[in-house]
Amino acid sequence: MEGARGDAGALSPSPWVRRWAPRVAAGTVLDLACGGGRHARLFIGQGRQVVALDREAQDISGARFIQVDLEDGRPWPLPGECFQAIVVTNYLHRPLFPRLAEALAPGGLLIYETFMLGNERHGQPSNPDFLLRPGELLEAFRGLAILGFEEGSVTMPKPSVIQRLCAARAAKG
């Protein structure tokens, strides 16, 4: 398995996602590897349309849910669709990085937060294949305008070593 989802554990939206959510313009939000849908529900509550993807069946009222394994080599399940925001938390599948950048609408935001090297001392995920390298999100999304970036240790919702990025695709103009 190329990618990995960490133990999300939390039922409330990530503070990182909540921080950037007000900057999402009207349009559709993609919640990639949505798990139980905590971020999908956040954006639905803000009146946004939401497409939620996960390999496990989910019941997220108000979202267009697609059950899909993003790591099985099948084509991208949303060809030609663009999103005003793409949210990814506690999930890493590096082959999707270019696809995510392409799927952002002009002016759209990528809000990404997942585990990085050093997290192995706190538990899962611990396989280095499933942990970002220092600065990896900055490098992977260098074609976008970086609005915020953090990496390092956190204590909430559990002790972890993470990397966070919020980046925007240039608006047409």
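Coordinate-derived values only; no laboratory data. Quick caveat, the model's predicted, so the values are computed rather than measured. Heads up, the Cβs are rebuilt from the backbone with ideal geometry, glycines too, and the neighbour counts pull from every protein chain shown.
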The ³J(HN,Hα) series, computed from each phi in region 132-138 with the Karplus coefficients 6.51, -1.76 and 1.60 at θ = phi - 60°, rounded to the nearest Hz and given as x for glycine or proline, is 5, 7, x, x, 4, 5, 4
Distance between Cα centroids, region 98-140 to region 62-95: provide it in whole Å. 14
Cut-off is 10 Å between beta-carbons; in what order do 162, 66 appear when sorted fewest neighbours first? 66, 162
Simple spin-label model, 7 Å along Cα-to-Cβ: residue 19 to residue 147 in nm? 1.2
Phi angles of region 52-57, converted by Karplus (6.51 cos²θ - 1.76 cosθ + 1.60, θ = phi - 60°) into ³J(HN,Hα) in whole Hz with x for Gly and Pro, give 10, 10, 6, 7, 9, 4
The answer for residue 147, listing residues at least 5 apart or on another chain whose modeled amide H is closer than 5 Å to its amide H, is 166, 167, 168
Unit charges at the beta carbon, dipole of the chain: most positive-side option, 44, 161, 70: 44
